[in-house]
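Everything on this sheet refers to the single structure shown next.
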Amino acid sequence: MNRIGMLAARHGLRTGALAFVLLTYLTLIGLPGRLADLAMPVLAGVVAIFFWLVLRRSPQLGGIYGSLGGTALWAGLLAGGFYAVLTAFFVGLLANGVRVQLVFDKIVPQNLAALYAVMPGVLLSGELSPVGWLRQVGLLGLAGVVAALLVAGERRLRRRQLPSLAALRWLPLLLPFVLLAAVIGLGSPAVTFGGNNQGTIRLLLAMLAVGSGIFAARAARPGGGRRVLWALLAAALVGLPFLLDQFQNSVMGIVFIFVMMGLGLNIVVGFAGLLDLGYVAFFSIGAYVYAFLAAPFSSPWLIAQLQGWGLPVSGPLVSFWLALPLTMVVAGLGGVLLGVPVLRLRGDYLAIVTLGFGEIIRLFMLNLSELTNGPRGLLNIAPPTVGGYSLGNPRDIFLLALAGAALIALVANRMDGSRLGRAWVAMREDEDVAQATGIHLVYTKLMAFAIGALFAGLAGQLYAARQTNIFPENFSLFVSIDALSLVIVGGMGSIPGVVLGALALKGLPEVLRGVDEYRIITFAALLVIMMIVRPQGILPSLRRGRELQEQGGSRADQPSVLEALPDSAGESSLAKKER
Amino acid sequence: MRWLVRLLGVVVLLLLAWRVAAVGLAEGYPASFWISQTLNGLVLGGVYALIALGYTLVYGILLMINFAHGDVMMIGGFTGFFALQLWIGVGWLDGSALWVVLALVLTVVAGMLGSVLAGITLERVAYRPLRGAPRLVPLISAIGASLFLQYSVLLIFGVTPRAYTRPALIEGGFRAGDVFVPYTGIIIFIVSLVLMLALYLIVQRSKLGRAMRAVAEDKSTAALMGINVDQVIVFTFILGSALAGAGGVLLGFHNTVVKFNSGFIPGLKAFTAAVLGGIGNIPGAMVGALLLGLIEALGPSALGIPTEYKDIIAFSVLVLILIFRPSGLLGEVLSEKKA
């Protein structure tokens, strides 16, 4: 074998081994059982995509189709061979009555049988024909070939000049309306509680419509046309709740409650650069304050107090609207109170202390059962009302969340360019330099915490009104992580990014209800991959994106918007400096 | 500003002292209670130390919080559990004392191997591609990795907690006066001390240890001196994960169960311990961990608050330390240059 052949073989074997690990993992988490008869083709598809991603990055194989094909074939056959042996081993164990499930929870006949496209009983009786194993090897070898063809085709395509797409630039502007039309076309708003496919598709389409609307709003060029487009998009957004059914509206409601929260966190993390891992604290303060006001009868301590003052305890103390300023003030104060002790902390330390705060508040809510009714929670929280009409149904909650998110987005947008907003950016880039230029660090930091907390409090109040019952578990660390992740996935410091992030992280999992089990690992893996491939987020704020591009070098996948920016040397030299 | 913080610190200390004197000591627990609680605290502290060292080592070199470290420990706990089941299946635990000891040692070793494998993979997949990125990026990646490890274990091994069986040899304990001393406690404490000593020797005496310290001081200069920085970083992860794996197995014997999220809280506590001692500082992590173990064991009774607030105590310690002495008790030795 010549040298290139050797190289191809070695590369192929390594890739194949990785693919085998991937396959083993997917089998152990029980994916084949879920895919039923499609298991093997789907796994082969996954492997083909994996090979393609690996092979297109191997420049030493460039242009040599023979060695590329060889590499891929080697990889596929190796992965297939190992995989066939592994599954055969498990099948053997199961057929001999070994309870593999005691160790590997998902290695059950049903899961493995899907790989051979047979009934589970066939496995246990040991009547499996060797054709099934050959099928595995064959399909995975085929995956290798397909991947090689893909890479070769891609390289050939790239060498050719593609026709200019400038004439079609208006097309993305139309997309949200097309999607909306599809939502309408897919059926009238009947009451369905998820589960049915058509409803799920409508939900997905609605979310895609919102997402593409954001892209369209961003892509539009300045001018009169843009105003019209924005007005149309806004009208479509307001109309959306009336097109969806209860389940879809309730999902969209929670998405936009998280948008509200994400916009607040975006101020703390994105604008001011203060990494807050305990942001749920303010969310829970908002929710609990409203719950105390709207459902005092759930809290033993409050009942005692109110009776002591001779007040009625059966109904809410104040209405949703009157509670708004109260929650905002309390949450904002909470932000200042938790902000004061951490004024001196930076970076990671700040993250961990805020995480500690978040947990402390949750533990207090869990254990102060006199006040918060402990794990039994506060129940029957009154929904907002307008003139006697209750706004508690999912559609109205979605509308309220939309209004809240729009309001917060507007405020945040105005703040970004304000004196305070610029002070935040300066502080984020370099605290010492910011202080030297006359920025009052204490005030600036506390304002970031307070305003962020205030928005989270608002989101919390709406959340409490939506849930009607709240429990300490609703406010675990995972809420903080969700909020932070959606800010980061969307693009730090970017307001439209927050909406996209919330749609991707809170909305998509609802669509994926069917594969609920794999929700969190998919999300976790996405988080890691996102940080590696595109750390600036889906829709980065222009400034942030540029910083990361400077630092990430060639690794970061650079969006074209950024390249059009004028060079600003001063900013990047600051950004390069480690804190 | 600074004197105000110091003043506040003194006030907090005085308040705590008053609370201990007025409530905790007034309860009138017997001396044996305090002694056995102290022993519990030391045992717990020993385990925390093993985990805390991993945080400190990685932070000292990469200046990042390895958020998934607790889960690496949990994986060690699982590997140890399966190894133990294997020895039970082979019948070693029914054999003579020598076999039992061998099986226990091998259980710890298996736990260490499992964790090392997880740690290396973690570094290679989730952290190495991000070196040189802004500090928030690896932290997010670490959070993702942590969730991924937890829920992968949940999916692969199922929800049911796995119960460690203690061999009869180490079950029980002895009485010294009124104080009951369990054998597992002694073993856990001794094992963690031995491992910590080994780590200290590796870092201070071996060639790789010297390279580690050099890389912690300054990566690029170290590279210029002919040190393979990538290799040293991998070695750091191996050391930290091995200790965490041992910690996972010991914690398994201590708590008797492991499950998919059993790494999370100990991980946070160990991180607290590392910060308490001064993150990046190896002796600091050990001291901080022992101290945190003691605070947790003695705190609730000394302050006269219900034990449900145990976790609050740990977090409060973290918050207080960071506010009043952010560099920890012994200060950041390794990362002084970057502070």
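For the pair B:Asp178 and B:Arg19, what calculated FRET efficiency results from E = 1/(1 + (r/R0)^6), where r is the Cβ-Cβ distance and R0 = 25 Å, to the nearest 0.05?
Plugging the Cβ-Cβ distance into 1/(1 + (r/R0)^6) gives 0.45.
Would you mind pulling out the separation of the Cα centroids of the stretch A:258-281 and the stretch B:108-129, in Å?
A separation of 32 Å, based on Cα centres.
Compute the distance from the alpha-carbon center of the stretch A:356-406 to that of the stretch B:23-84, in whole Å.
Using only Cα atoms to place each centre, the spacing works out to 36 Å.
Restricting to DSSP H runs of at least four residues, report the calculated mean residue ellipticity at 222 nm for chain A, -39500 (n - 2.57) per run over all residues, nearest 500 deg cm²/dmol.
Calculated mean residue ellipticity at 222 nm is -22500 deg cm²/dmol.
Give me the percent relative contact order of the stretch B:47-324, please, defined on Cα pairs under 8 angstrom at least 6 residues apart.
Worked out over the stretch B:47-324, it gives 37 percent.
Using alpha-carbon pairs under 8 Å, 6+ residues apart, how would you state the relative contact order of the stretch B:139-263 in percent?
This gives 37 percent for the stretch B:139-263.
At a Förster radius of 60 Å, what calculated FRET efficiency corresponds to the Cβ-Cβ distance of A:Leu379 and A:Leu102, to the nearest 0.05?
0.90
Order these by the 10 Å Cβ neighbour count, fewest first: B:Ser206, B:Ser262, A:Ser476.
Ranked by crowding around the Cβ, least crowded first: B:Ser206, A:Ser476, B:Ser262.
With unit charges on the beta carbon (Lys/Arg positive, Asp/Glu negative), name the residue among A:Tyr290, A:Phe104, A:Gly457 whose Cα is farthest towards the positive pole of the charge dipole of chain A.
A:Phe104
Using the membrane-span-like helix rule (whole DSSP H runs, Cα extent along the own axis of at least 27 Å, mean Kyte-Doolittle hydropathy at least 1.0), which helices of chain B qualify?
Membrane-span-like by this rule: B:31-62, B:69-90, B:97-122, B:136-157, B:183-205, B:229-255, B:282-303.
Going by how many other Cβ atoms sit within 10 Å of their own, how do B:Leu16, B:Leu63, B:Leu57 line up, fewest first?
The order, fewest Cβ neighbours first, is B:Leu16, B:Leu63, B:Leu57.
Return an integer: the convex hull volume of the alpha-carbon atoms of the stretch B:232-286, in Å³ per residue.
Normalising the Cα hull of the stretch B:232-286 by residue number yields 87 Å³.
Given H placed 1.01 Å from N in the peptide plane, which residues other than close sequence neighbours of A:Thr385 have an amide H under 5 Å from its amide H?
A:Phe320, A:Trp321, A:Leu391
Report the residues of the stretch A:439-464 in range of a label on A:Glu473: point 7 Å along Cα→C-beta, backbone N strictly under 19 Å from it.
A:464
Quick check: the distance between the Cα centres of the stretch B:212-275 and the stretch A:458-517, to the nearest angstrom?
31 Å
Using the per-residue mean of other Cβ atoms lying within 10 Å as a proxy for protection, in what order, highest first, do the peptides B:299-307, A:143-151, A:10-18 fall?
Packing order, densest peptide first, comes out as A:143-151, A:10-18, B:299-307.
Report, in debye and to the nearest 20, how large the dipole of the protein assembly as shown comes out about its Cα centre when Lys and Arg carry +1 and Asp and Glu carry -1 on their Cβ.
The dipole magnitude comes to about 2300 debye.
If each DSSP helix of 4+ residues adds -39,500 (n - 2.57) and the sum is divided by the residues in chain B, what number results at 222 nm, nearest 500 deg cm²/dmol?
Roughly -24000 deg cm²/dmol at 222 nm, from the helical runs in chain B.
Shape verdict for chain B, please, from the Cα gyration tensor: rounded (a/c under 1.5), prolate (a/b greater than b/c) or oblate.
Cα axes put chain B in the oblate bin.
Based on Cα coordinates alone, diagonalise the gyration tensor for chain A, multiply each eigenvalue by 5, take square roots, and list the semi-axes in whole Å, largest first.
46, 32, 25
Counting pairs on different chains as well as pairs 8 or more places apart, how many Lys pairs in chain B have Cα atoms under 30 Å apart?
11
Work out how much length A:Ala304 to A:Gln110 would gain on full extension: take 0.36 nm times their residue separation and subtract the Cα-Cα distance, in nm to one decimal.
64.1 nm
Would you work out the charge dipole size for the stretch A:294-452 about its Cα centre, treating the Cβ of every Lys and Arg as +1 and the Cβ of every Asp and Glu as -1, and quote it to the nearest 20 debye?
My answer is approximately 180 debye.
If R0 is 45 Å, what FRET efficiency do you get for B:Ser220 and A:Val318 from their C-beta distance, rounded to 0.05?
Rounded to the nearest 0.05, the efficiency is 0.15.
Roughly how big is the stretch B:47-324's charge dipole about its Cα centre, with Cβ charges of +1 (Lys, Arg) and -1 (Asp, Glu), in debye to the nearest 20?
520 debye
Decide, for the stretch B:96-194, between rounded, prolate and oblate: order the square roots of the alpha carbon gyration tensor eigenvalues as a ≥ b ≥ c, take rounded if a/c falls under 1.5, and otherwise choose prolate if a/b is larger than b/c, else oblate.
Prolate.
Using alpha-carbon pairs under 8 Å, 6+ residues apart, how would you state the relative contact order of chain A in percent?
That works out to 15 percent.
Most exposed first by the Cβ proxy, i.e. fewest other Cβ within 10 Å, how do B:Lys310, A:Lys506, B:Lys259 rank?
B:Lys310, B:Lys259, A:Lys506
Each reported figure results from applying straightforward, stated rules to the coordinates on display, with no laboratory input. All values derive from a computational prediction rather than experimental measurement. Note that we place each Cβ from the backbone using ideal geometry, even for glycine, and neighbour counts take in every protein chain shown.
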